[in-house]
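The block underneath contains the structure these notes are about, expressed in structure tokens.
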Amino acid sequence: MPSQQSLPEFVQAMDAAGFLVRITDEIRVDQIPKTLEANPTKAVLIEKIKDCEFSVLANAYSNQDMYAWAMECDRTETGRKMVEKAKSRVKWEIVETAPCKEVILKGDDVDLTRLPLFLHHDRDGHAYTNDNLFISKHPDTGVYDWGIYRSMFRSKNEKSVDMTCTSHRQRIHAMAAAKKGQNLEVAMVIGGPILDKISALVGVPGDTDDFEVLGGFYGAPAKMVKCETIDVMVPANAELVLECELMATEGLNFDEGPYGEFTGMYGGGMKHNYRLKIKAMTYRKNPIYQHCTIGGMHPWYTDNMLQLPAIEADLYGALRLAGIDVVEVRSPAGGLSNIAYAKIRPLGAGDAKQALGLMLTCSKQGLPKVAMVFNDDVDIWDDQAVLAAMAFRYMPDRDTVMIKDCNTMTVDPKCAEPGVSSKIGMDCTKPMGAGWNPDEFIKSAVTDLGEPPADLKPLTEDEIAREMEAFIGAEPRAWLDILKHFHGQPYKFIYGAFGSLRHKLGRMNDAPWYRYTLSDRPFAFEAKPAALSNFDPRHVGSTPA
């Protein structure tokens, strides 16, 4: 995969990989939401929009298979790969020009109505651009940050932007500029490949240049080009760039929202946010307008699920740093970023609870709200396996971790105070320590005896009975051992022979096999008071006289 794909190259690659649906008939802008909702599991390219020069791409980073494809790995490895890539730093390079400079509109020529703007959800405050990578430099340090923020239409050259979360670095930059009595220069990039979005969301220290991280993901320097009207660099593969002045000195005093959120519901009501003035608008000829899907009737199949690999990477990295032997992390799509699973190999009885504390608090996304931890014999990508482990490896009074007053997204409708949430962790690992028998948690494997021996000598039932008695007499045998020994003989003879010996056989008290041995009583051991365990005591009887 090319290190810095243009949007047309990315579309072609998605098409070749089977991730894309093309809509070739011309449609109106008001038909876009319904068209996207009808194709929730694929990226959608709408090639012709009535009265608009742009085509539309949406849902282009909407599921975990897409993230794995972009990272060139299996989906179970995405979080781990992101952690590895995020450690690399590669200095970026400046280029003189780029395709996003083919059309340049400045001043009064700036006109956001050129874009195919539409009302995505009924109760949205207005049309939004959602696939917005906001880029700015910290006013004091000059360190670049980029991140995904939504931005609502106000007029042909004005927008508002949602920066209500106190942890958002663009908000921090704006606050720092306001303290200096300055506004903030911001470039808004719309349109790009999945790898760019993943790089923007991965957790790194706040003093890190995000475009050096992008180079780490590419394995080569990111190529950057200077904006026309502001002192900000943008990636050279940008499709559309809006050069903005964020009016930081005006404060968070402009209406924004509400909007259909990643929860599948409306969240947060009408917010107080910043205003943006658009100073220039530059884009490629024959441009593609990329829209980030969110909410709707299939919220687990939208572009906002890009949070999933970001959360997986944050959790995987934190567990590794804490010395937890973590195998993989999954944030399931249906959990809408608020649920996460980790598969670990506990080295001590406290590892699972420690892992849960980390999972609930370590991600810069403020998520998840629910965390579960499992042993490495559980396939955390199989929802039924997860439920089975929860059913019999989790005991509410002993295996629950609860933390109050944690950070979360402001759109959770169950929060009494916006952005503040209680969180719960569930230890679904096999218990460790004295008093617990690990054999009780071994999965019941399906018997497979394989093919019978090629040189099998047929035996009569009487011959099998005599040989079976000698076989058991040599040492106690599990029934599986006996079946293996006589594999290939007629099953009626095997069971008949065993039945003829049954009155001579008893059972050993050697869990978990409880082998057969020659004995004049059914229980071939002296019964003793049972030690405390979670066995039903009715399973063990007293020795008959």
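Looking at (1) without any contact (Cβ under 8 Å) to a residue 60 or more places away in the chain; (2) open to solvent by 40 Å² or more (accessible area, probe 1.4 Å); (3) on the phi < 0 side of the Ramachandran plot, which is the one condition that is false for residue 465? It is condition (2) that residue 465 fails.
Conditions tested, residue by residue: (1) of a type outside the set (A, V, I, L, M, F, W, C); (2) over 25 Å from residue 51 (Cα atoms); (3) in a helix (DSSP H, G or I).
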| site | (1), (2), (3) |
| --- | --- |
| 122 | yes, no, no |
| 126 | yes, no, no |
| 133 | no, yes, no |
| 141 | yes, yes, no |
| 152 | no, no, no |
| 171 | yes, yes, yes |
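Residues in region 398-408 that are more than 18 Å from residue 351 (Cα to Cα), open to solvent by 30 Å² or more (accessible area, probe 1.4 Å) and in a loop (DSSP other than H, G, I, E, B): there are none. Could you check, for region 158-166, whether at least one of its residues is open to solvent by 10 Å² or more (accessible area, probe 1.4 Å) and either modelled with pLDDT of 95 or more or part of a strand (DSSP E or B) (or both)? The answer is yes, given that some residue of region 158-166 is open to solvent by 10 Å² or more (accessible area, probe 1.4 Å) and either modelled with pLDDT of 95 or more or part of a strand (DSSP E or B) (or both). Only one of the listed residues (253, 237) is without any contact (Cβ under 8 Å) to a residue 60 or more places away in the chain and open to solvent by 10 Å² or more (accessible area, probe 1.4 Å). That residue is 253. The set of residues in region 12-58 that are open to solvent by 40 Å² or more (accessible area, probe 1.4 Å), touching a residue at least 24 places away in the same chain (Cβ under 8 Å) and among the polar types (S, T, N, Q) comprises 24, 41.
For the residues 506, 496, the requirement of being modelled with pLDDT of 95 or more, of a type outside the set (Val, Ile, Thr), open to solvent by less than 40 Å² (accessible area, probe 1.4 Å) and in contact with a helix residue (DSSP H, G or I) (Cβ under 6 Å, 6 or more places away or on another chain) singles out 496. Restricted to region 123-154, and to residues there that are small (Gly, Ala, Ser) and touching a residue at least 40 places away in the same chain (Cβ under 8 Å), the residue that is nearest to residue 265 (Cα to Cα) is 125. All of 370, 378 fail the test of being of a type in the set (Val, Ile, Thr), touching a strand residue (DSSP E or B) at 6+ places or on another chain (Cβ under 7 Å) and crowded, with 19+ Cβ neighbours inside 10 Å, apart from 378. Set side by side, the residues 360, 347 differ, and just one is outside any strand (DSSP E or B), in contact with a Gly (Cβ under 9 Å, 6 or more places away or on another chain) and surrounded by fewer than 17 Cβ atoms within 10 Å (Cβ to Cβ), which is 347. Scanning region 416-461 for residues that are acidic (Asp, Glu) and open to solvent by less than 100 Å² (accessible area, probe 1.4 Å) yields 427, 439, 440, 461. Number of residues in region 196-210 that are in contact with a Ser or Thr (Cβ under 9 Å, 6 or more places away or on another chain), surrounded by fewer than 24 Cβ atoms within 10 Å (Cβ to Cβ) and not in a loop (DSSP other than H, G, I, E, B): the value is 1.
Looking across region 8-46 at every residue that is of a type in the set (S, T, N, Q) and in contact with a strand residue (DSSP E or B) (Cβ under 7 Å, 6 or more places away or on another chain), the one that is modelled with the lowest pLDDT is identified as 39.
The values are calculated or read from the model by the stated rules, or taken from the named source; none is laboratory data. This is a predicted model, so every value here is computed, not measured. Cβ sites come from the backbone with ideal geometry, for glycine too, and all protein chains shown count toward neighbours. When the accessible area is computed, the model is the full protein with side chains, heavy atoms only, and any ligands, DNA or RNA have been set aside. Shrake-Rupley method; radii C 1.70, N 1.55, O 1.52, S 1.80 Å.
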